[in-house]
């Protein structure tokens, strides 16, 4: 039976952390979905994993043993510091490859990204 956030709120930390990984994983999806927010009611082309702010519920995240992945290196440069690719598309792909490497290491995915900033620019400016 899937648990709800109300169920989680009624559990002690020990009881919540005793749940299976799959059960805690499902609860984390609910925590993230509830935490995403929009600044206005204006309809936007940004849907899905985009949000204007994220209300991080640390109590609930602690209960499900959530990890926070802080990505670094989200520019389009390689490990040598030089820009990868000559086109915007190639640079975007390089940025997202870097991010995917961090997410894979944290055993998570893009569906759990709460905030993302990518810089595509001439780093010499």
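The values are calculated or read from the model by the stated rules, or taken from the named source; none is laboratory data. This is a predicted model, so every value here is computed, not measured. Don't worry about glycine lacking a Cβ; one is built from the backbone with ideal geometry, like all the others, and counts go over all protein chains shown.
Some observations on this one:
- Taking (1) at pLDDT below 90; (2) outside the structural domain of residue 117 (by TED's automatic domain parsing); (3) surrounded by 14 or more Cβ atoms within 10 Å (Cβ to Cβ) in turn, residue 99 satisfies each apart from (2).
- Qualifying residue in the stretch 25-36 (condition: more than 22 Å from residue 69 (Cα to Cα) and either at pLDDT below 90 or outside any loop (DSSP other than H, G, I, E, B) (or both)): no
- Picking from residues in the stretch 10-35 that are loosely packed, with under 15 Cβ neighbours inside 10 Å and under 14 Å from the mean Cα position of the chain (by Cα), the one that is nearest to residue 55 (Cα to Cα) is 34.
- The listed residues are 52, 88, 80, 57, and the only one of them that is modelled with pLDDT under 85 and assigned by TED's automatic domain parsing to the domain that holds residue 30 turns out to be 52.
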